[in-house]
Every structure is written in C-alpha cells, then in structure tokens.
Amino acid sequence: MGCVEIRGISKLFGNVRAVDHVDLATNEGEFLVLLGPSGCGKTTLLRMIAGIEEPTEGDMVIDGRVVTNLPPRLRDIAMVFQSYALYPHMTVYKNIAFPLRARGVEKEAVRKKVEWAAGMFKIERLLDRKPRELSGGERQRVALARAMVREPSVFLLDEPLSNLDALLRTSAREELRQFQRRVGVTTIYVTHDQVEAMGLGDRIVVMSQGRIRQIGTPMEIYLWPADTFVATFVGSPPMNLLDHGDTLLGFRPETFLPADAVEGSEGVVTYPFEVTYLEYLGAERLVYGTVGEKSHARHVVSRLPGSLTLPLAAGKAYPFAVALRDLRRFDKKSGLYKEGVSS
Amino acid sequence: MSAPSVSEPAAVAARGGILDRESALAKMMIAPAILYIVAMIGVPFVLAVLYSLSDATTGDPSLKFVGLRNFAAALADPVFRLSLWNTVFFTLASQCIVVLLSRLLATALLKNFRGKWLVRFLIMLPWTAPISLGTIGWLWMLDSIFSPIDWVLRYVGLLGVPGALLGAGTNLYYLGVPGLAISSIILVDVWRILPLATVIQLAGLSSIPKDLMEAAEVDGATPWRRTLMITIPLTLPITSIAFLFGVVFTFTDLVVVYVLTRGGPVHMTQVLSSWTFFKGIEGGDLAQGAAISLFMFPVLAAVAILILRMARRTEVV
Amino acid sequence: MPNLRKLAGRGGLYSLLAAFAFFGAFPFYWMVIATFKTDHDLFGPTNNPFLFNEPPTLDHLKNLLFETHFHTYLTNTLWVGLAVVVITLVVAVPAAYSLARWARGWGEMLGIGIFLTYLVPPTILFIPLSRFTSSLGLQESLWSLILVYPTFTIPFCTWLLMGFFKTIPKDIEEQAMIDGLSRFGAMWKVVLPLSISGVLTVVVFAFTLSMHEFIYALTFISVSMKKTVSIGVPTELVRGDVFQWGSLMAGALIASLPVAVVYTFFLDRFVAGFTMGAVK
C-alpha cells in the first residue's frame, strides 16, 4: 500500500528540462521530503505524481499499477496545495465531503466520514463556516481533513506550511508529523526549507536543476553529503569548503573549533583562523573569518556552542582545527564526494 | 484510529475518458466559436470582397468578375469622395473633442460626492440607451421648426430679431443647412461616445497607484508637474485605447446619419456607411455597395493593430 | 481663506458635473416632457417648451400602446434578445474557458483572431449577409437577426469571460480533479458556480447589445410587424409625412430607460471587457 515508483521521469517545457530522468521509489508508510531551491523541479515532480502534469518521458507506478496516463481522479492519491485550494463557495463540511460526493458515496456514509476526518484535526466546530471566515491554520487543517477523508494510499503536500506565520509553522510541523505517524499513510512532501525537511523527513530527496542529488535520511544527508550542492544547501550556515589542489575539503562549522577543544584521536588538521566578526546568538556563537594566506584567503565559519566560553576578538588570529573524521573530500570539477583520507 | 468502513460505488472507468483529456477538450470547447466566426464573419467578408470585384445586383446576384471597375467608379463619383471625406472629418473632429472632454469629466468623477450614482447614470445615458432612440431625441431638438434650442435662442434675443447675432430667421436649420448639419452630426457623435470614453479614461486614471502620486508630492512636484510627468505618460495607453475605440465606432456609424439627415442635405452629410446602405441595399447595386464599404477596411485594420499594441503597454506597475 | 478656495473648487466641480450631466441627459429629459405634452402645446411655436402650458396628457401613451405596433416591437426585441443570450452563452462560455486556461501557442493566436473580428464591422458585412439570409429564406424574419447578432456578442463576451476566468486560481480546479472530478467536471461543478457574476454580465451585455442593434435590423427587416424596437420606433411612427412626435418620444423613452438602468450597473465590467482586462 502506498508505494510510488518513479521510473525515468522527465518533463520538458519547450527546451527547458524541469525534471531530468528521475528514478525514485517510496517505502511504505514513510514521510519522504523533496527538498531543493525554487526551480529545482520538486513541485513539477509532485504534480506529475498527482497527475495534473503529464511527464514527457518515463513511467509512474502507484501500488504496482502503471498510472502514467491516468487522470488524477483514478490514482487514489490526495493532495494539499500551498494555497490550500479550498472551494470558496462551499462550507467546510461541503469542502471535506467533496471528494466523497464526487465518487458517488451516499449522504449518510459521507456524514460519518466527514465527522471522522474533522475529528482527526479537531475542526468539528468549523464545519458550518466558509473558508473566508477561517484563519490560516484552520484552513490548513480543513485542507488536510479533505485530503484524508478518502483514506488515500498516497498523500502529497506542496509546501503547506509556507503560508503560516513563523510561530504557527513550528507547531503545525509537529502536529503534521505526529498525525502522519499515527495514520501511517505514505507521504511525499515538497519544501525549500531545509530545517523543515530535516525535522519532518524519514528520508530526504535533495534536488537541483531537475535532477536528484542525493536520497538519504537526514543524518546521512547532513553528515555524508553526496556532492557540494547538498553540502552547502543543507545546514545553516553551510559547510565550509577549502581548496586543496584538485579537491575541495569540507567541514561543518560546528566541527571547526579552537584547536584545544578538538578531540581527534584519529588525527587533526589545524588552520590559523583570522576572525573578522562574531555573532552572539545565545545558545551558540557564530565566528566568521578567513583561513589561508592573504592572497587566497577563504571565508570560513565556525559554530561554537555556548558552553565554550573562550574569548575571541575580531582582527586576531587563533589556532583552530578539524578532526580528520569530520573532514569530507569533494572532487573540484564535478563536486562529487570522494573517498579517501586527506593528507 | 481507523475510519468507519464505507463502500464506494464500483466501476470508476478504468482508463479515463475524453472528459479528462485536456487537448481534446480544449479543441472541442473552442470549436463552436471558431466555426461560427468563420462562417458568419470570415466567409461574408470574403464574399464582400468578391462582390466588390463583380457586377452583382439584387436583380442579378451572379458573380461575374469585372476587376477593379467598382473601385474606380467609386473614386470617380463625387458623392463617394464627399462621403469619404466626411467619414474621416466627422470621426477625427468628434473624437478629438471627445478625448479632451472625457479626460476632464473622468478627472471630475474621480472625486467622491453625494449623488454620484445619479450623475453617473445621467452621464452614461447616451451610451446605455439604444443609439437610434437617443438620436430620435436629438431629431426633435434639432428640428427646423420646433427646436427647443431655437426657442431658448429666441428667448434670449440671439435669434429671430433683426440684427440678432444668429440672424433674423425664426429658426436655424440644424439639419437642413450643410454647415449646421455637419456640426449637428459631429455634436451627436460626441454626445454618444463621450460616456464610453469617460468610463475607459476613468478606469485608467484610477489605476495609477496612490503611492506614486504621494511620492511625487513628497518630492515636491506641483499638481501641474505631477499631471504632466506622471499621470499623462502612465495613462497614455488607456487614453489611446479610448480614442481608438471611439474612432472605430464613429467611423463605421450608420445610425446617427441615417436617423438625423439620411445623408442630406444633398448628400452633404453622407458617410461611407450610409452611402453603402443607400447604394447597396436600397439601390440594389451590391457590387458597388461592397466596394464602397471596403474602403473602410484599411483604416480599421490599422486601428485594430494600434489597439493591440496599446493594450500590451498598459501594465502600469 | 482656504475654506473659500475649497468651496470654489467644490462649486467648480459641481457645475462641471452638472453641465455634463445636462448635456448627456437632456434629450431624454425632453422625451419625458414630449411624452406627456398635448400636441397643441407641443407644436405651439410661442409656447415655452420646458413647461406644461396645458395640462399633461396620456394620449400619446395610449396611442403608442394601443394604436401602433409598439408592443409587437417590444416582444420581437425580447425574443431576439433572449435567443441571442442563449446562443452567446452556449458558444462563448466554453470558448472563453478554453482560451483562459489553455491559451498556449495556438490559443493566443486564436484569442487575438477573435479580437480582430472587430475589424469587420456590420457596414462591411451587411451586404453579403443580407444575401446569405435571404438565400436561407430568412428574409423578413426575426431568425435572420438571431442568426447574425452573435457576430458581435460572441467575440466581445468571449473576451469578457476570458478575463474573468483568469481570475479564478488554477489550484482550485486541480484540487477538484484530484478530489475526483474529470477536467470537464471540474469546470462545470467548481469554476462555473464561482463565475456567476461573469456569466450574468454576459447575459446583460448580450441582451443590451442586441437591443441596441440597428444596421442589420434595418437591412434584413422591412415588414412592420417584424420590426424590433430599435428600428421600429424611428421608422414606423410616422403617419404619411407627419411624425407622431408624442408617441415617438414615448416609445423612445420606454424602450431606452430600463436598458439604460441595467446597463449602468454593469458598466465597470463592460469597460474591463473593452480594455481586455488591460486595466485591472
């Protein structure tokens, strides 16, 4: 139940390849996040899974059925749009009932299911209201209830939290995650916000320019990025990258610490770090500075935990280091991850 | 938590039908409009061209090719030349007046005041009432004997008394004297188009974002400068559209001329549309009538292209 | 001091507006007076035309309604109007939707093509169309008008509706398709109910445009009983050489005012259609 297989899917708009030969398969019941900057093809891919966009090449398979040429209504999927797309002329009740009525389910059965779905998202008291009378958070819940009322095998979400204000976003994120765990429906979620992706996803699919860069758990993507794009897109501030011949050496800001604080049983690389300025953020300090000779100095960021109270001043240089095990190597030309231990 | 179980009616068509397919549906839905327009506008237009190149009459409607004889005959006919001139003159004269007046009126209508809806209704009457019926009202106003306008002129002594400014006769023959007849036609043309032009200009004026004007005020621009450097350039496209539409309607107008003067006196107010009617329909000379009407086409084509260009330029901000 | 300037400004504004309102409405004001003035009063050369020098009369109205074919003209106009509205809706609504949603490539060209039909006015088409309708045996019949009037209602109403459909977010239709409707079903059950005011505007304009039309009616119909109000009033209310001015004015008034009132309500939409939504 709920297995989506994307086989060699491409989408061309004129000469532009919005999605470029994507292969992907979901695990049953997982929360899969499609992450990438705008224009990377994640929304186009989602729309092709839904059936509102037709792929130029490739096949779409849902639960073993080839659905590539089927219209959305025959695919047993549900979708929540960024704008929620609530029918403005219908009450919340009618909105949620819509997918059932469209399939000819009779009134009594519809009522039971609508009440069940509304209860799941705690919006029973809103059933008689119209969408324009609801707040952003309430509209989002109505959209979710409408999607769930059919108990689809796949659940698609297109940046559903981006229209909520920041405070609401974090609590909505938590509720969404809990809800998905409870119901266990395979969910594919599109976002450009990497914090959201890391928080929600069982697995994350990082995309750029229509292609998949890496698929993995949040930890895999963060600690073992497949290329420089993933390395710099995920994580804020992004991974530091230094020139080293035909290789780029990468290390995360939180692994770049004063030499005394680095525990490196397997070896340590030291860099003289000239500090440019500091940001005090409470739980941590971000230290911006440069590493290397004056002529080819590279900008580097260090992330110091609040517990590390070593005083630092702008304009001075300090010995900083990275443990060898935290160092990653990328081929300079292709950006891809390279195996091996640095010298 | 699981949902109450419910059985969905079976047999959703397994493959999706024509009502799903976008391109088929798109073509199906636009087809009737296209077919109708081709059949009822495209084909007749071609027929008009064919007629103009033939010698068809209502008595003998067969199409025998005679080349450009009809066009040559038209150009040689003094009445045709007069109607061509009149058409251009009436149109340009009335529409230039309309552009200025409608701009003035639109500016006034930007403000809020009590009874605005009534004023709007009255101002719009010339356009919202059927054109032939509104013109009938003018027929009486411009009557050679009973004109109320003449009555007022006589009352204030501008007319009907020896030595009066407008003469000693009891009436001005608005529709009988060539100069006055022409002015009357132009007047009614202005009267009719003014509401339309006003509403279009009003839409243009109200679409200028408030902050642009406020920024200009803060920058120290006087009302004159603001009008010259902001309002006029920004509303130029929409003003042009109003002008061009007015041109189209006046250029092709038959009603005003037909109802007021029938093209008289002695063809002095004849325009292309009315002359086409008299020659082609009443006179039965289909070929000649078609040829006369086709002289309108180049101007209309140019106007339509201009309108399209202007419409593209109306993205204000 | 500033108050005086404001007052003068306001005074100027009001007089300007009064002047324009007067200019626009005067012929109609005149129609009202002429309708109720006795002939004797109307034609007395020294009588003040703006006052009722004799008591007002209902004779002209009676004459209009009972002695002439005016009521027939009205019913003719109504029938033609309704039929044209139906045809326009059936043809323009799907065409507008198709152009609004799927206007890629050929759609754009078609949209412009439809606009270009304005290039070909009735005064070019009426000669071939008169032959065409008579060859169909429709001369002197209201059907000739019903057949031909959509030539100006369809292009305009399609433009109007196109602009209107474009304001409905695509999201909602896509959601409806995911929720279980076909493409057509989504248009029928979700988009149309949201477009009621656009459809209403089309109804009003198609009707008023047919009511205003003069040229085709004049060309195709000469039999008195078949005339519409637009040509009937100016051509038929003449006995011999004499205009029945009172009834003429009454007829013009009755036929003009209701249309004008309704049209005024929808004027903003009309302009939007005219400028092709260029001004938002």
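The values are calculated or read from the model by the stated rules, or taken from the named source; none is laboratory data. All values derive from a computational prediction rather than experimental measurement. Cβ sites come from the backbone with ideal geometry, for glycine too, and all protein chains shown count toward neighbours. SASA here: full protein model, heavy atoms, side chains in, ligands and nucleic acids out. Shrake-Rupley method; radii C 1.70, N 1.55, O 1.52, S 1.80 Å.
Observations, loosely collected:
- What the phi angles of segment B:200-212 give under the Karplus curve with 6.51, -1.76 and 1.60, with θ = phi - 60°, is a coupling list of 5, 5, 4, 4, x, 5, 6, 8, 6, x, 4, 5, 4 Hz, glycine and proline written as x.
- Amide H to amide H, with H built 1.01 Å from N, C:ASN47 comes under 5 Å of no residue 5 or more places away or on another chain.
- Summing Cβ point charges (Lys, Arg +1; Asp, Glu -1) relative to the Cα centre of segment A:1-122 gives a dipole of roughly 660 debye.
- Label separation (B:LYS64 vs B:LEU236): 5.5 nm, computed from points 7 Å beyond Cα along the C-beta direction.
- Surface accessible to a 1.4 Å probe, B:MET213 within the full protein complex, Å²: 50 Å²
- Given R0 = 22 Å, the distance between the Cβ atoms of A:GLU263 and A:ALA317 translates into a calculated FRET efficiency of 0.50.
- Measuring nothing but how far apart in sequence close Cα pairs (under 8 Å, 6+ apart) lie, relative to its length, segment B:195-265 scores a relative contact order of 44 percent.
- Options C:TRP159, C:VAL86, C:TRP30, ranked by Cα towards positive dipole end of chain C, top entry (Cβ charges): C:TRP159
- Interface residues of segment B:37-60, defined as those losing at least 10 Å² of solvent-accessible heavy-atom surface relative to the isolated chain (probe radius 1.4 Å), are listed as B:ILE37, B:MET40, B:ILE41, B:PRO44, B:PHE45, B:LEU47, B:ALA48, B:TYR51, B:THR58.
- Charging the Cβ of each Asp and Glu at -1 and of each Lys and Arg at +1, and nothing else, the dipole of segment B:155-284 about its Cα centre rounds to 300 debye.
- Whole-percent carbon and sulfur share, accessible surface of chain C, 1.4 Å: 71 percent
- Annotation: the antiparallel percentage among DSSP beta bridges lying fully within the protein assembly as shown is about 75.
- For chain C, relative contact order (Cα pairs under 8 Å, six or more residues apart, normalised by length) works out to 29 percent.
- Across A:LYS11/B:LYS27; A:LYS42/A:LYS94; A:LYS94/A:LYS122; B:LYS27/C:LYS170, pairs whose alpha-carbon gap is larger than 25 Å: A:LYS42/A:LYS94
- The 3J(HN,Hα) values that the Karplus relation (6.51, -1.76, 1.60; θ = phi - 60°) gives for segment A:227-236 are, in residue order, 7, 5, 4, 4, 4, 8, 7, 8, x, 9 Hz. Gly and Pro appear as x.
- Between B:ILE305 and A:ARG298, the modelled labels are 6.0 nm apart [label points 7 Å from Cα along Cα→Cβ].
- Just so you know, the averaged projected area of the alpha carbon convex hull for segment B:152-218 sits at 8.1 nm².
- Protein heavy-atom surface of chain A, 1.4 angstrom probe: 51% of the accessible area is carbon and sulfur, with nucleic acids and ligands not counted.
- Solvent-accessible area assigned to carbon and sulfur over chain B amounts to 69 percent, based on a 1.4 Å probe.
- Once exposed loop GluC sites (Glu not before Pro) are cut out (DSSP; at most 13 other Cβ, 10 Å), longest piece of chain A: A:107-262
- Computed over chain B, the per-residue total of -39500 (n - 2.57) for DSSP H runs of n ≥ 4 gives a 222 nm mean residue ellipticity of -19500 deg cm²/dmol, rounded to 500.
- Short-range pairs are left out: with C-alpha atoms under 8 Å and at least six residues apart, the relative contact order of chain A is 17 percent.
- Average silhouette area of the protein assembly as shown, convex hull of alpha-carbon atoms, in square nanometres: 55.4 nm²
- Cβ crowding within 10 Å averaged over residues, with B:76-88, A:33-45, B:95-107 ranked highest first: A:33-45, B:95-107, B:76-88
- For the protein assembly as shown, the solvent-accessible area of protein heavy atoms averages 44 Å² per residue (probe radius 1.4 Å; ligands and nucleic acids excluded).
- Remark on A:LEU34: its backbone amide H falls under 5 Å from those of A:TYR189, A:VAL190, A:THR191, A:VAL205, a criterion applied only to residues 5 or more positions apart or on other chains, H modelled at 1.01 Å from N.
- A P(r) calculated from all alpha carbon pairs of segment A:252-343, with 10 Å bins opening at zero, reads 15, 45, 31, 8 percent.
- For segment B:238-308 versus segment B:44-99, the gap between their alpha-carbon centres in whole angstrom: 9 Å
- Placing +1 on the Cβ of every Lys and Arg and -1 on the Cβ of every Asp and Glu, with nothing else charged, gives segment B:28-123 a dipole about its Cα centre of roughly 780 debye.
- Loss of accessible area when C meets A, both sides summed, Å² nearest 100, probe 1.4 Å: 1600 Å²
- In chain C, excluding the sites themselves, the longest stretch lacking any of the chymotrypsin sites (Phe, Trp or Tyr not before Pro) that are in a DSSP loop with at most 14 other Cβ atoms within 10 Å is C:53-280.
- Dipole of chain A [Lys/Arg +1, Asp/Glu -1 at C-beta], most positive-end residue of A:ALA197, A:LEU161, A:GLY36: A:LEU161
- Taking the chain by itself as reference, segment B:281-305 contains these residues with an accessible-area loss of 20 Å² or more in the full protein complex (1.4 Å probe, heavy atoms): B:ILE281, B:LEU286, B:SER293, B:MET296, B:PHE297, B:LEU300, B:ALA304.
- Distance between segment A:51-86 and segment A:176-222 - C-alpha centres, whole angstrom: 19 Å
- Computed label-point distance, nm, for sites A:ARG103 and B:ALA24 using a 7 Å Cα→Cβ extension: 2.4 nm
- FRET efficiency for C:GLU67 and B:SER183, using Cβ-Cβ distance with R0 set to 45 Å, rounded to 0.05: 0.80
- Derived scalar couplings ³J(HN,Hα) [segment B:135-142; Karplus, 6.51 cos²θ - 1.76 cosθ + 1.60; whole Hz; x for Gly, Pro]: 5, 4, x, 5, 4, 6, 4, 9
- Computed E for C:ALA8/B:ILE149 - FRET, C-beta separation, R0 30 angstrom, nearest 0.05: 0.50
- From the alpha carbon centroid of segment C:150-181 to that of segment C:186-232 is 20 Å.
- Estimated [θ] at 222 nm from DSSP helical runs (n ≥ 4, -39500 (n - 2.57)) normalised by residues in chain A, nearest 500: -7500 deg cm²/dmol
- Residues whose amide H comes within less than 5 Å of that of A:PHE320, counting only those at least five positions distant or on another chain, are A:ALA259, A:TYR271, A:PHE273 (H built at 1.01 Å from N in the peptide plane).
- Contact surface C-B: accessible area buried, both sides summed, square angstrom, 1.4 angstrom probe: 8600 Å²
- Charge dipole (segment B:72-316, unit charges on Cβ, about Cα centre) - positive-most of B:LEU175, B:PHE90, B:PRO209: B:PRO209
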